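One structure below.
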Amino acid sequence: MKHLLLGMMLLCTFAASAGMDPQLLKQRIEQRLGVQVYLVDETPMPGLFMLGTAQGPLYTDAKGDYVLQGIMLDLGHDMKNLTMQGQRQQRQRALTQIGERRMQLKAVPERHSVTLFTDLTCSRCRAALDELPILQALGVSVQLLPALGTFADLAEAQARWCDPGLFSELSLSDRLPTAGCNEILAHHIGLSQWLGIKALPSWVLPNGDLVRGYQSPEQLLKILDHINAPANPSSSAS
């Protein structure tokens, strides 16, 4: 499928210097585990690689003979969570690959920017979409990107997202074009799958944190204002 090209671009881009064949490792893991691998990246530990999959991060050796699932901590630097750091970096990298940015709601002046992955049918998604003008008024710019719910039908999603009248009430920078809409939509949905976006709506913050589920404009602004604050164990961001 065309949206898998995104994963291939990322796979080749970030493992090229690893001294191994990322495509071969990707194929081997997919054959052995039956999971889609979107990225192979180096870790600080020689010979150990981080795999980006829709089921979450995995670790493997260069030959794909051994696989680990869990959290990597850097004990020499205050137990820094390298797995969480790697996921943040992967999200930031992935969002640079979306091509021409469309469906942006720009705030002027802009205090923060955030990416919203959403479906068009779930009630919490609709609530988040209805409140976007409030976020805009609070100084938060939003990049809208489509994602599919668990039981969503791709053809129905294409019909909704490619409707020229979609979001006519919002002052978006652009909408999905009529020509090539299905291909662009598939590309964006592939991005959400690569990032493991399952709970909808989900927000990706500028630092790569993922905030799952509905957030009121006030809640989201508070998270953005404190984005550099120490992590709160009870926070929904990861």
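Of note:
- In the context of the full protein assembly, Val108 retains an accessible surface of approximately 140 Å², using a probe radius of 1.4 Å and ignoring ligands and nucleic acids.
- Rolling a 1.4 Å probe over the protein heavy atoms gives the chain an accessible area of 51 Å² per residue.
- Here the chain is treated as a Stokes sphere of Kirkwood radius computed over C-alpha pairs; at 25 °C and 0.890 mPa s its diffusion coefficient rounds to 130 µm²/s.
- Take the chain and mark each of the GluC sites (Glu not before Pro) that is in a DSSP loop with at most 11 other Cβ atoms within 10 Å; the longest unmarked stretch, sites excluded, is 1-99.
- Size check on region 88-152: the Cα extents along the three principal axes, sorted descending, read 38, 28, 22 Å.
- Share, in percent, of DSSP beta bridges within the chain that are antiparallel, nearest 5: 75
- Debye equation applied to the C-alpha atoms of region 91-213, log10 I(q)/I(0) at 0.14, 0.23 Å⁻¹: -0.55, -1.69
- Trp161 accessible area, 1.4 Å probe, all protein chains in place, Å² to nearest 10: 10
- Calculated log₁₀ intensity ratio I(q)/I(0) where the Debye formula runs over C-alpha points of region 33-113, q = 0.18 Å⁻¹: -0.83
The values are calculated or read from the model by the stated rules, or taken from the named source; none is laboratory data. Since the model is a prediction, treat every value here as computed from it, not as a measurement. Using ideal geometry, Cβ is built from the backbone for each residue, glycine included, and neighbour counts are taken over all protein chains shown. Surface accessibility is based on the protein's heavy atoms, side chains included, excluding ligands, DNA and RNA. Shrake-Rupley method; radii C 1.70, N 1.55, O 1.52, S 1.80 Å.
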